[in-house]
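Visitor: First the structure, which I've put down as structure tokens, then a few questions once you've had a look.
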Amino acid sequence: MRIKTGDGKYYYFTPENVRTSMLRKKLGDVPIKEKWKRNNVEASIFQLGFNCNNGKTRYREIAANRLWGTPGRRG
């Protein structure tokens, strides 16, 4: 797809470019506190999946891992 610019040249774009632009505009309307929630959730998921040496996690006991990871499965 293409459009003609003001100086007579053509600007080419794909349907993926249009979809990305629409998504960026939609995300721009999201309040900052909602964006923070998303960042916190993504960080929490990363911490659950991050393994240290010998298959261990950053939390000491398996009970602590289960308690910390359980609320995410309820929602």
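Visitor: Based on the Cβ-Cβ distance from residue 17 to residue 38, what FRET efficiency comes out when R0 is 22 Å, to the nearest 0.05? Working shown, then result.
Guide: Numbers: r = 24 Å, r/R0 = 1.08.
So the FRET efficiency works out to roughly 0.40.
Visitor: Going highest first, how would you order 6-13, 36-43 by mean Cβ packing within 10 Å?
Guide: On the way: 6-13: 7.8, 36-43: 10.2.
Ranking the peptides 6-13, 36-43 by packing returns 36-43, 6-13.
Visitor: Taking K and R as +1 and D and E as -1, what net charge do the other residues with C-beta under 15 Å from the C-beta of residue 10 add up to?
Guide: On the way: positive: 2, 4, 9; negative: 7.
Neighbour charge sum, excluding residue 10 itself: +2.
None of the figures in this text is laboratory data; all of them are computed from the coordinates on show. What you see is a predicted model; the values in this text were computed from it and never measured. All Cβ positions, glycine included, derive from the backbone under ideal geometry; neighbour counts span all protein chains shown.
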